[in-house]
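Step one of this worksheet: look at the structure below.
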Amino acid sequence: MGYSRLGQTLTAREVFHLVREDLEKVEREIGLESIASVEAVSRIAQYMQKNGGKRLRPILVLLSCRLLGPASESAVRMAAVVELIHTATLVHDDVIDTASTRRGKPSANVLWGNHTSVLAGDWLYMQAFQIALRQRNFHVLDILIGLTQMMVEGELLQLERIGNMEISEADYMELIDRKTASLFSACARLGALMGGGDEATEAKLGEYAWSLGIAFQLIDDVLDFTSRENVLGKPVGSDLREGKVTLPLIYALQEATPEERHLVETVLKDASYDNIPLSRILCLIEKYKGFDRTRDRALEFTERARSIILEFPDSPYQRAMVAITDLITERDR
């Protein structure tokens, strides 16, 4: 996948290559720090690492640091910290959502059960904080504590709104601010801090990554309906089946007839597509341009992120961070 906008042609492979050696160190750090005295915890942590995703969050830490100066061992450590926190949230989310798969593999709660998975997620959170504590930097801890509180609040808000068809766009943006964008923002802020950036630079990079995080989640909302299971790594339409009304559907419900709203209500009540097939929900969203409007909204945030990062001096790392804005919206999983 190439990126020719602004004459800059960085590919996903080239972005990855810029921080490849640092990422290898991050993987080793995660592997070493995921060994617990209880075997089940180690096995879950190693299983999640082996089935890890694109490592976008550690990449944001590393690129933000390298944008300002050479990557340090501290940046590698912070990249491992954010990935452990992200992994902990995935383990907990799968329990809460009673998910059966994660990235095309059985989820941890299916293999080890809910109780063990919850405690393993707790351990991963604490281990991440233990690693961060070695920095002896109160600002690092302040960022991570604030982040954890935001993410927990997001999960609680989502639980309160499960099955709610009346959720507004503003309500939903508040939710994904806490659940997704706050972690992206923390990644860039930690990278800036490890790179020696001042307060204003840290805030600017945090805003860049926050906008990326919002766009990332909005594209996730579209892909949940439009992708294929073998690409998505979980059943298509899972969000609605789990009672989550996301932005494409929020837009459609704003204009839907009572009969059309009843279709959505039935899926929410049944927690399945047995009586109302997914295809009918897709037609409803398409009819009211829910997918197009959500993609357009995501593009607003990536444009905002791009405008922020273009304020920084040109370098391979700055160009990589520009390219990521396209990676976010053009991905298929």
*Give me a count of the residues in the range 194-216 that are closer than 25 Å to E73 by Cβ, touching a residue at least 60 places away in the same chain (Cβ under 8 Å) and part of a helix (DSSP H, G or I).*
6
*Select, from A108, A71, the only residue that is out of contact with any strand residue (DSSP E or B) (no Cβ under 6 Å at 6 or more places or on another chain) and under 20 Å from E29 (Cβ atoms).*
A71
*Can you confirm whether the range 258-271 contains a residue that is surrounded by 13 or more Cβ atoms within 10 Å (Cβ to Cβ) and touching a Pro at 6+ places or on another chain (Cβ under 7 Å)?*
no
*In the range 244-257, what residues are surrounded by 18 or more Cβ atoms within 10 Å (Cβ to Cβ) and within 17 Å of Y172 (Cα to Cα)?*
K244, V245, T246, L247, P248, L249, I250, Y251, A252, L253
*Condition test on R280, is it free of Cβ contacts under 8 Å to residues at least 24 places away in the same chain, farther than 30 Å from K204 by Cα and among the basic types (K, R)?*
yes
_Can you tell me which of (1) over 25 Å from G163 (Cα atoms); (2) crowded, with 20+ Cβ neighbours inside 10 Å; (3) without any contact (Cβ under 8 Å) to a residue 60 or more places away in the chain is the one P313 doesn't meet?_
(2)
*Could you list, in sequence order, the residues of the range 232-268 that are assigned to a helix (DSSP H, G or I) and in contact (Cβ under 8 Å) with a residue 60 or more places away in the chain?*
L232, S238, L247, I250, Y251, L253, R261, V264, E265, L268
*If you check A75 against the conditions, is it more than 23 Å from R331 (Cβ to Cβ), within 18 Å of the chain's Cα centre (by Cα) and assigned to a helix (DSSP H, G or I)?*
no
*asked:* So in the range 275-310, with the set limited to residues that are in a helix (DSSP H, G or I) and of a type in the set (F, W, Y), which one is nearest to V222 (Cα to Cα)?
replied: F291
*Mind checking which residues of the range 277-292 are crowded, with 20+ Cβ neighbours inside 10 Å and either among the basic types (K, R) or more than 28 Å from Y208 (Cβ to Cβ) (or both)?*
I281, L284, I285
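Readers should treat all values here as calculations from the given coordinates under stated rules, not as data from a laboratory. Here the structure is a predicted model, which means the values were calculated and not measured. Neighbour counts run over all protein chains shown; Cβ positions are idealised from the backbone, glycine included.
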